[in-house]
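For reference, the structure is listed below as structure tokens.
Each value in this text was obtained by applying a stated rule to the coordinates, not by laboratory testing. Nothing here was measured: the structure is a model prediction, and the numbers come from that model. Glycine also receives a Cβ, built like all others from the backbone with ideal geometry; neighbour counts cover every protein chain displayed.
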Amino acid sequence: MSRPAAPVALDDTDRRILNALQEGFPLSPRPFAEAGEALGLSEDALIARLARLRETGAITRFGPFFDAAAMGGAFCLCAMAVPADRFETVMTEVNAQPEVAHNYERAHRLNMWFVLATETPEGITQTARRIEEATGLPVLLFPKLEEFFIGFRVAA
Amino acid sequence: MTIDATDRRIIEATGAGLPLAPAPYAAVAERLGLSEAEVIDRLAAMQARGVVRRIALAPNHYALGLAANGMTVWDVEDTEASRLGRQVGALEFVTHCYLRPRALPDWPYNLFAMVHGHDRAEVEEKRAAIRVLLGPGCRADDVLYSTRILKKTGLRLARREG
């Protein structure tokens, strides 16, 4: 469990790195040299900047992003209405499932929203049922029917 | 099955991220007893098949000062949902947009659009812009602000026996 990180001080170069590398990173023997060239940075300078951005928490992940569905697995957004006095216990039970990739508390009657990532499509309902048995609370499933894919821009 | 055992080892070795070293794919290859070329070729092949969506950086919205994260949700006519979803997804400030099933009677919404902002006022402004775009095609809407990250991990593959 993590609290929101405090805002990190970024300079213009950091912002350019964050914006450029959200779009993609080269798949070549010296990718930092290649990506650095486009940013006007040396290989060493880009690596040092990324290391600092990762250390300060400005970067959540850096590397390949995999699609569970393309590997024969599945993703599913799920929601639960958890009574306030049981929230921490239920959170521990839900988070204990390795299939729970991320989990957010949200201000709503449905106050716990998590994503399941499983190796098979059946794994979604199996995991949801396991969570229902462990917590005694219904799990609502919101599988994606259609994705309106627009990239991953965040104006840094 | 679109991945074999070697692909799976590469996925496991890079699931937490790439090493920050001049030759990161060579570093992964060395750890797995493969050649650098094989790691690069297999990642490229997985990318071509859609197993790898992209190789990139994911910024931490909170650390960037985008402290307000609102999941805006909309009840739109099913026959209009794809057309409207494309329009909402094309908005510059929407980071993810999906059509999902309703869960009646608890949940009447079928269009989900994630909006980030420096504060809730900024998210509300963006939400109002979505409402204008949807016009009379939207019957009801809500916004769910995240108040805490309870868990966040990369994709982990379950261990396969044998």
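Give the residue list of GluC sites (Glu not before Pro) in the stretch B:83-136 that are DSSP loop and have at most 11 other beta-carbon atoms within 10 angstrom. Numbers along the way, then the final one.
Values: sites: B:Glu92, B:Glu122, B:Glu124, B:Glu125; in loops: B:Glu92.
Loop-located and lightly packed - B:Glu92.
Quick one: angle between helix A:43-55 and the longest Cα principal axis of chain A, in degrees between 0 and 90, rounded to 10, please.
It works out to around 30 degrees.
Which FRET efficiency value, to the nearest 0.05, do you get for A:Asp12 and B:Ala44 by plugging their Cβ-Cβ distance into 1/(1 + (r/R0)^6) with R0 = 41 Å?
Working: r = 32 Å, r/R0 = 0.79.
So the FRET efficiency works out to roughly 0.80.
To the nearest 0.05, how large is the calculated FRET efficiency for B:Gln87 and B:Ala37 if R₀ is 30 Å and r is the Cβ-Cβ distance? Can you show the working numbers first?
On the way: r = 44 Å, r/R0 = 1.45.
E(calc), rounded to 0.05, equals 0.10.
Using a 10 Å cut-off around each Cβ, can you sort A:Leu116, B:Leu104, B:Leu133 from fewest to most neighbouring Cβ atoms? Could the numbers behind the result be given before it?
Details: A:Leu116 28, B:Leu104 7, B:Leu133 14.
Exposure proxy ranking, most exposed first: B:Leu104, B:Leu133, A:Leu116.
Assign unit charges at the C-beta atoms only (+1 for Lys and Arg, -1 for Asp and Glu), then state the dipole size of the protein assembly as shown relative to its Cα centre in Debye, rounded to the nearest 20. Intermediate results must be reported in sequence, preceding the final value.
Numbers: 37 positive and 41 negative charges, 51 e Å.
The calculation lands at about 240 debye.
Taking a label point 7 Å from the Cα of A:Glu34 along the Cα→Cβ vector, which residues of the stretch A:40-81 have an amide N closer than 17 Å to it?
Within reach of a label on A:Glu34, which here means backbone N under 17 Å from a point 7 Å along Cα→Cβ, the stretch A:40-81 contributes A:40-44, A:46-47, A:63-65.
Most fluctuating residue of B:Asp119, B:Asp142, B:Asp106 in a GNM of chain B with Cα springs under 10 Å: which is it?
Among B:Asp119, B:Asp142, B:Asp106, the largest mean-square fluctuation in the Gaussian network model of chain B belongs to B:Asp106.
Distance in nm between label sites at A:Glu23 and B:Lys152, each 7 Å beyond Cα in the beta-carbon direction?
2.4
Please give the Cα centre distance for the stretch A:86-101 versus the stretch A:22-69, rounded to the nearest Å.
If we compute the Cα centre of each part, the gap is 32 Å.
Taking only Cα atoms, what is the 0 to 90° angle, nearest 10, from helix A:12-23's long axis to the longest principal axis of chain A?
The two axes meet at around 60 degrees.
Between B:Thr6 and A:Ala134, what is the FRET efficiency for a Förster distance of 35 Å, r being their Cβ-Cβ separation, to the nearest 0.05?
On the way: r = 35 Å, r/R0 = 1.01.
That pair, B:Thr6 with A:Ala134, gives E of 0.50.
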